[in-house]
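Read the structure below first, then the notes.
The values are calculated or read from the model by the stated rules, or taken from the named source; none is laboratory data. Remember, predicted model here, so these are calculated numbers, not experimental data. Cβ coordinates were reconstructed from backbone atoms using ideal geometry, including for glycine residues, and neighbour counts include every protein chain displayed. Surface areas here come from the heavy atoms of the whole protein model, side chains and all, with no ligands, DNA or RNA. Shrake-Rupley method; radii C 1.70, N 1.55, O 1.52, S 1.80 Å.
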Amino acid sequence: MRILISAFYCSPYRGSESAVGWQIATGVARSHDVTVLCGDLSPERPTFRDLERYKSESGLPKGLTIEYIAPSRWMSFLNRFHRLPGMWTLFYMAYRLWQRKAYRKALTLHAERPFDLAHQTTVIGFREPGFLWKLPVPFLWGPVSGAPVVPFSFINRFGVGERFRWGTHLILNRLQITLARNARLAARKATRLWAVTPEDLNMFRNWGIEPFPLLETAGPNELSGKVRTRSPGSPLRICWSGLFQGRKCLFILLEAIGRLQNLPLEIEILGDGPEAERWKNLASRLNLGERVHWNGMIPRQAALRVMESCHVFAHTSVKEASSTVTLEALAMGLPVICHDACGMGTAVNSQSGIKVPLLNPACSVEGFQRAIQRFSDEPALLGELSVGALNRARELSWEVKIGEILQGYEEVLAKTC
């Protein structure tokens, strides 16, 4: 098949959505003829540089063609200011302009050599679905996310800047779900629609559309993890990793640890960001002392080595799609403690971790405290959930995910023939 994929974020060297775009494009290209539309908004063009580097070092995989769509000066101008407080919507304005340019390129390519279907992947947010749905071929969209919001009760625990950021996001997100005309048009045109979180599934159902569930990211095909064990009396080592943003809610883990002064615990924290000073001050007030190790923002391989040295992974975020680091933890055999919400609530099951209801900060602190206490009171639990984590990682590998996407392609084309 001739497949056209829009993957604005697409890089073999980066994580998050760039990795999602690259993995889907290269995975599908192993079976079909794939053309990818990708690009940048910043004048530094990091995606372009990454792809040129990869071409020179390895050459593009067979079956894959990259069509890089460069940003205009106006796109870069808008994007430059989107990180200012309350101005995050400027990114979507610039991105929509980029999608118009990408659509014009798609029309040219389709006229020269028609595609069998078009697939919109990254950006995974629902707000700007692009325009490939206007092509005269079956249109597939997803995985799509963006419906989850930070509950208001958690926003009150953030610093001033983060309260403003996520408070305005909560309000604007609800407005956009209600007024998202282009997204509704694209969703109704889609022959196949994949959604990430329960919140995303419900959003589309409220629009009168039944989506298919599919996490946006996946784990490695080859697992390097091992079943975790802990010697009697030795400290339980817990890893936390993420940007120090309000929505990551590290304070939940810190306060839970503060209630467990009698347990032998060591906490490895990876990351940095705007909430760093507040969270470090909180750890000091809770007298956590040397139980908490602040590793900062370190290179990926070093971060993975820290994770590898731990027994359990704690993921306190209240707003995510699936979170790549959760899949990485499962692949290492680390049981995951997380909220039963967003993509991590789907990725982690009862055999691979402990899920805490997402209600309010007090309930979350108590839930994480009880989960950690269980690992101390039930010595066999660590090994049982570690085995389950490895099994769950196999179910959520990129090989399995690409197979689901390819099956979707075949079912869509079978209906249109």
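With TYR92, TYR103 as the choices, which residue is at pLDDT below 95 and of a type in the set (Ser, Thr, Tyr)?
None of the others qualify; the one that does is TYR92.
One residue is enough: does the range 147-155 have a residue meeting the conditions open to solvent by 30 Å² or more (accessible area, probe 1.4 Å) and under 21 Å from the mean Cα position of the chain (by Cα)?
Scanning the range 147-155, I find at least one residue that is open to solvent by 30 Å² or more (accessible area, probe 1.4 Å) and under 21 Å from the mean Cα position of the chain (by Cα), so the answer is yes.
Count, please, the residues in the range 79-99 that happen to be in a helix (DSSP H, G or I) and in contact with a His (Cβ under 9 Å, 6 or more places away or on another chain).
Going through the range 79-99 one residue at a time, the tally reaches 6.
Condition check ((1) over 23 Å from MET344 (Cβ atoms); (2) of a type outside the set (Phe, Trp, Tyr); (3) assigned to a helix (DSSP H, G or I)) across all residues:
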position	(1), (2), (3)
ALA256	no, yes, yes
ASN262	yes, yes, no
GLY273	no, yes, no
ASN281	yes, yes, yes
LEU304	no, yes, yes
CYS310	no, yes, no
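Being outside any helix (DSSP H, G or I) and on the phi > 0 side of the Ramachandran plot: is that true of GLY225 here?
No.
Tell me whether the range 124-143 contains one or more residues that are surrounded by 23 or more Cβ atoms within 10 Å (Cβ to Cβ), touching a residue at least 40 places away in the same chain (Cβ under 8 Å), among the β-branched types (Val, Ile, Thr) and not in a loop (DSSP other than H, G, I, E, B).
no
Go through (1) assigned to a helix (DSSP H, G or I); (2) at pLDDT 95 or above; (3) open to solvent by 40 Å² or more (accessible area, probe 1.4 Å) and name the single condition GLY27 misses.
(3)
Just one of the numbered conditions (1) surrounded by 22 or more Cβ atoms within 10 Å (Cβ to Cβ); (2) touching a residue at least 40 places away in the same chain (Cβ under 8 Å); (3) touching a Cys at 6+ places or on another chain (Cβ under 7 Å) is not true of LEU117; which one?
For LEU117, the exception is condition (3).
What is the number of the single condition among (1) in a helix (DSSP H, G or I); (2) in contact with a strand residue (DSSP E or B) (Cβ under 9 Å, 6 or more places away or on another chain) that ASN349 does not meet?
Only one criterion in (1) in a helix (DSSP H, G or I); (2) in contact with a strand residue (DSSP E or B) (Cβ under 9 Å, 6 or more places away or on another chain) is unmet by ASN349, namely (1).
Can you tell me how many residues within the range 258-297 are touching a strand residue (DSSP E or B) at 6+ places or on another chain (Cβ under 6 Å), surrounded by 17 or more Cβ atoms within 10 Å (Cβ to Cβ) and of a type outside the set (Gly, Ala, Ser)?
Selection size over the range 258-297: 8.
When only residues in the range 41-78 that are part of a loop (DSSP other than H, G, I, E, B) and of a type in the set (A, V, I, L, M) count, which is surrounded by the most Cβ atoms within 10 Å (Cβ to Cβ)?
The residue in question is LEU41.
All but one of (1) at positive phi; (2) touching a Lys or Arg at 6+ places or on another chain (Cβ under 8 Å) hold for GLY130; state the number of the condition that does not hold.
(2)
Taking only the range 324-351 into account, find how many residues are over 24 Å from GLY125 (Cβ atoms), open to solvent by less than 10 Å² (accessible area, probe 1.4 Å) and either in contact with a Ser or Thr (Cβ under 8 Å, 6 or more places away or on another chain) or acidic (Asp, Glu) (or both).
6
Looking at (1) part of a loop (DSSP other than H, G, I, E, B); (2) crowded, with 18+ Cβ neighbours inside 10 Å; (3) free of Cβ contacts under 8 Å to residues at least 60 places away in the same chain, find the lone condition where ALA321 falls short.
(3)
Filter the range 207-247 down to residues that are within 30 Å of ARG278 (Cβ to Cβ) and basic (Lys, Arg) and give me whichever is surrounded by the most Cβ atoms within 10 Å (Cβ to Cβ).
Checked the range 207-247; the qualifying residue surrounded by the most Cβ atoms within 10 Å (Cβ to Cβ) is ARG247.
Determine, yes or no, whether LEU185 is in contact (Cβ under 8 Å) with a residue 24 or more places away in the chain, closer than 30 Å to PHE131 by Cβ and buried (at least 23 other Cβ atoms within 10 Å of the Cβ).
Criteria not met by LEU185.
If you go through the range 384-417 one residue at a time, how many are more than 22 Å from the chain's Cα centre (by Cα), open to solvent by 20 Å² or more (accessible area, probe 1.4 Å) and in contact (Cβ under 8 Å) with a residue 40 or more places away in the chain?
The total comes to 5.
Filter the range 1-58 down to residues that are at positive phi and charged (D, E, K, R), then give me how many there are.
Residues flagged as at positive phi and charged (D, E, K, R) within the range 1-58 amount to 1.
Kindly provide the set of residues from the range 191-206 that are buried (at least 17 other Cβ atoms within 10 Å of the Cβ) and farther than 15 Å from GLN120 by Cα, ordered by number.
Residues satisfying the conditions are THR197, PRO198, GLU199, ASP200, LEU201, MET203, PHE204.
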